Amino acid sequence: MNIRSRQLGERLLQRMTEKHWGVREMSRRLEMSAQWVSSVTRGLHRPDPVHLARFLTVLGVRGAEYRELMALGDEMRKPGLLERSDDIRTLISHEEHATAISVFQANVVPGLLQTGDYARSLAIEMGNQPEPDRLDVQVFARLSRQAILTRPGVRFRFFLHEFVLRLPVGRSRVMSGQLRQLIRLSAQENVVIRIVPASLGGHPASAGHFQLMESDSYQPVVCIESETTSIYLEEPREIEAYRRVLGGLENGALDEANSREFVAELSSEVQDDAGSVAQKHP
């Protein structure tokens, strides 16, 4: 079972749900066993092109979506996945099924930790500001993903380079709120936030940011997001490489207590700066 097989299975199951069809009803309509339908929708079996075409036809899938899912079926044996960054269905699906998520960020606060003000300011300053309504939707979608932070049984590790905290996204008020959010979240039992100090110099994750997602229901997956695409890696040698990076970060980053203290001190500095600005411009 790989990313493509899970993705195809979820899309088929979504269409079945829209029609209020369960596995047995789909089995009856396809004249295939319920076990076969279940294995396909769970991403455990790769249907041949003829059976996949029949599956899609019975579901009423047409046009571009039909071609997209047929192509996905053809590529199911290939490991990994490359998709557009604005299509976050794969990322959301993996986050929702994860039991452990490890993240490294070198420049900005990870999406799972961002405040709404920070997310909005970042989009504007990056020059990615869409229409106001679309920006609201994007910010809401990002904040909605954060619901997994309170899900029982899911563990999170965030490694943030010191530069992430010192990059002044938005005004002082925005950064102050974001730093307070990091302190608050770091108090959760299932959330670990550790700072990679600039004094460390070169470090194991110098190649850039990534997110490792692990689950009881699928093999580990690494997601690397860029401006236009998201890359999903799942081959064992790739996963092992990122595990080594995380091991190096464990050794080089400040521990949890010192990281929390570091963020708190910086938060006080930002609040002082905000107060000074307010006094100058009442």
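Mind checking which residues of region 73-112 are within 11 Å of the chain's Cα centre (by Cα) and modelled with pLDDT of 90 or more?
Ala98, Ile101, Ser102, Val103, Pro110, Gly111, Leu112
Of the residues that sit in region 255-282 and are among the polar types (S, T, N, Q) and surrounded by fewer than 16 Cβ atoms within 10 Å (Cβ to Cβ), which one is modelled with the lowest pLDDT?
Filtering region 255-282 down to residues among the polar types (S, T, N, Q) leaves 258-259, 267-268, 271, 276, 279.
When the remaining residues are screened for being surrounded by fewer than 16 Cβ atoms within 10 Å (Cβ to Cβ), the result is 258, 268, 276, 279.
On the way: Asn258: 96, Ser268: 89, Ser276: 51, Gln279: 45.
Restricting to residues being among the polar types (S, T, N, Q) and surrounded by fewer than 16 Cβ atoms within 10 Å (Cβ to Cβ), the top hit is Gln279.
Please determine, by comparing only the residues of region 138-174 that are within 17 Å of Val191 (Cβ to Cβ), among the charged types (D, E, K, R) and touching a strand residue (DSSP E or B) at 6+ places or on another chain (Cβ under 8 Å), which one is surrounded by the fewest Cβ atoms within 10 Å (Cβ to Cβ).
My answer is Arg155.
Go through region 161-258 and tell me which helices (runs of 4 or more DSSP H), entirely inside it, have 3 or more residues that are touching a helix residue (DSSP H, G or I) at 6+ places or on another chain (Cβ under 7 Å).
Per the criteria, 162-166, 172-186.
Cβ-Cβ under 7 Å, sequence separation 6+ or interchain: first residue in region 1-13 and assigned to a helix (DSSP H, G or I), partner among the β-branched types (Val, Ile, Thr). Which pairs?
So the pair list comes out as Ile3/Thr90; Ile3/Val221; Gln7/Thr90; Gly9/Val40; Gly9/Thr41; Leu12/Val40; Leu12/Thr41; Leu13/Thr41.
For the subset of region 1-35 comprising residues that are more than 12 Å from Leu59 (Cα to Cα) and of a type in the set (Val, Ile, Thr), which member is surrounded by the fewest Cβ atoms within 10 Å (Cβ to Cβ)?
Val23
Tell me whether region 126-134 contains one or more residues that are of a type in the set (Asp, Glu) and without any contact (Cβ under 8 Å) to a residue 12 or more places away in the chain.
Looking for residues that are of a type in the set (Asp, Glu) and without any contact (Cβ under 8 Å) to a residue 12 or more places away in the chain, one finds at least one in region 126-134, hence yes.
Restricting attention to region 227-254, and to residues there that are polar (S, T, N, Q) and open to solvent by 50 Å² or more (accessible area, probe 1.4 Å), which single residue is farthest from Val103 (Cα to Cα)?
Once the filter is applied, the top-ranked residue is Thr228.
Take region 93-121 and flag every residue that is within 18 Å of Ser215 (Cα to Cα) and among the hydroxyl-bearing types (Ser, Thr, Tyr).
Ser93, Thr99, Ser102
Is there a residue in region 36-49 that is within 21 Å of His97 (Cβ to Cβ), open to solvent by 20 Å² or more (accessible area, probe 1.4 Å) and among the basic types (Lys, Arg)?
Within region 36-49 (the criterion being within 21 Å of His97 (Cβ to Cβ), open to solvent by 20 Å² or more (accessible area, probe 1.4 Å) and among the basic types (Lys, Arg)), the answer is yes, since at least one residue qualifies.
The values are calculated or read from the model by the stated rules, or taken from the named source; none is laboratory data. As the structure is a prediction and not an experimental result, all values here were calculated from the model. Heads up, the Cβs are rebuilt from the backbone with ideal geometry, glycines too, and the neighbour counts pull from every protein chain shown. Just so you know, the surface numbers come from the protein's heavy atoms only, side chains and all, with ligands and any DNA or RNA stripped out. Shrake-Rupley method; radii C 1.70, N 1.55, O 1.52, S 1.80 Å.
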